[in-house]
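Report on the structure given below.
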Amino acid sequence: MKLSFKIHYFLAVETFLLVSLTGFSYASNCSCGYVDDQGHVWRESIVTDFTKSSGALAALGDDWIVSTDNEPQSGSATANIQYIKANVLEHKSALGIQASAHTAGSSEVHSGEIFTERSDILHGTFRMRAAVPTVPGVVFGEYLIELTISFALCVPHTNTLDCYIGFFSYESDSQEQDIEFLSSDDKSHQHVQYTNQPGTVNGEVDDAYRDVDVGSANFTTYGEHRFDWLKTATKYYYNSNLTATITKNVPTSPSEIVLNVWSNGDPGFSQGPPKSNAVATVEYIKLYFNSTSMDEQKFSQACSKAGHVARCKI
C-alpha cells in the first residue's frame, strides 16, 4: 500500500536503450532485450547489487532516490509516517531499510523508503532478494504504482514489533500492485498479501486480493520475491515458484518501483508502532521492463544496430 501520491519527473535520455547494470555481470550487449523464464521479452533493465564492496548506499547510484516525505495519517492510525534519509543504511553487508523505535508521545514514526528515479515503467518482471522481519508491528512491502513502482522490505534483527514491509508498484490508489508482509502476523515467516489495488469493494475483499500461506517458505531467511506485471494479469512468485495470479485491476499506467519499511500504529494493519528499530535487509533488486520512453521502433533499431545479438537470459 502506498500511502501518498508522488509525482517524480523523468528526464528522458535520447538513447536507443537505457540499461542500468549496477554490480551484476551480464552479457556485454543486451540491445535485443532480456528474455525471462516465461518467455517474455523486456527491453530495459535496472539491476542493483547491494552486496558490492563499494557499499550498499553507493549502489543506489542515480537509479534510486531516498525519500524524505511526510505522510499524515488518519482513521485508526496513531502516528504519522516520516521518511528520513538516515533510515536507509548499510546493514549486514547489504542495504537496510528501517522503521525506528517509536518515542512515546511522538506524533511520527521515522521510516525508510527508496523509489526508482524513473516513473515511465510499463510492464515487466520485478524481483528483490530480501529477508522478512521476525519483529511484529511493521509492514514490509513491494509495490507498483502509477508514476511509481515500489519495493519495501522490513527485516527486524531484534525483538522489535509493529512495522510494515512492502514491495510494490504505485501510480495512484487504483494503479498499484502490492506484495506485503505484516510482521505482527502470527505466521509472518510464510504469510504474504498480494493486491492489485483497490483490493476491496465497499470494505469487502474481492478478487483483486490474495492472502497466501506459502507453507514451505521461511521469509525470515533470504529469498527472491517477484511480481510480473503483464497486460492482462499480475503474477506473483517466491523463489521462482508461482504463488498467485490476479487478473482484476491490473494497472495500465506508467509507474515506478518503491521499497519501504513503515508503521503508523494502526491496530488493524501495521500495529505498533515499533518499540525498537526494525530493519529490512535487501541484497539485490532486479527490474526488467518496458517503458513509455523506449517504443517498439526504437527497440528494433537498437537491436538491428547491434547486429541482432541474442537476447540476454534472466
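The values are calculated or read from the model by the stated rules, or taken from the named source; none is laboratory data. If you're wondering where the values come from, they're calculated on a predicted model, not measured in any experiment. As a convention, Cβ positions derive from the backbone with ideal geometry for all residues, glycine included, and neighbour counts pool all protein chains shown. Areas reflect the complete protein model, heavy atoms only, side chains present, ligands, DNA and RNA absent. Shrake-Rupley method; radii C 1.70, N 1.55, O 1.52, S 1.80 Å.
Note on residue 248 and residue 313: their simple-model spin labels are 3.8 nm apart, each label 7 Å out from Cα toward Cβ.
Protection proxy ranking for 105-115, 298-308, using the average of other Cβ atoms within 10 Å per residue and placing the highest first: 105-115, 298-308. Amide H contacts of residue 102: 275, 276, each under 5 Å away and 5 or more positions distant or on a separate chain (H built 1.01 Å from N in the peptide plane; Pro and chain starts excluded).
Taking Rh as the Kirkwood radius computed over C-alpha pairs, what is the Stokes-Einstein D of the stretch 195-285 at 37 °C in a medium of viscosity 0.692 mPa s, expressed in µm² per second?
Details: Rh = 15.6 Å.
Diffusion coefficient, whole number: 211 µm²/s.
Ignoring ligands, DNA and RNA, how do 35, 279 rank by accessible area with a 1.4 Å probe, largest first?
35, 279
For residue 213 and residue 29, FRET efficiency with R0 = 30 Å and r from the beta-carbon atoms, rounded to 0.05? Walk me through the numbers before you get to the answer.
Details: r = 43 Å, r/R0 = 1.43.
So, using R0 = 30 Å, E works out to roughly 0.10.
Computed with a 1.4 Å probe over protein heavy atoms only, the accessible surface of the stretch 184-314 comes to 44 Å² per residue. Please give every one of the lysines within straight-line cross-link reach of residue 248, meaning a C-alpha to C-alpha distance under 20 Å, and leave out same-chain neighbours fewer than 8 residues apart. Residue 248 reaches 2, 231, 235.
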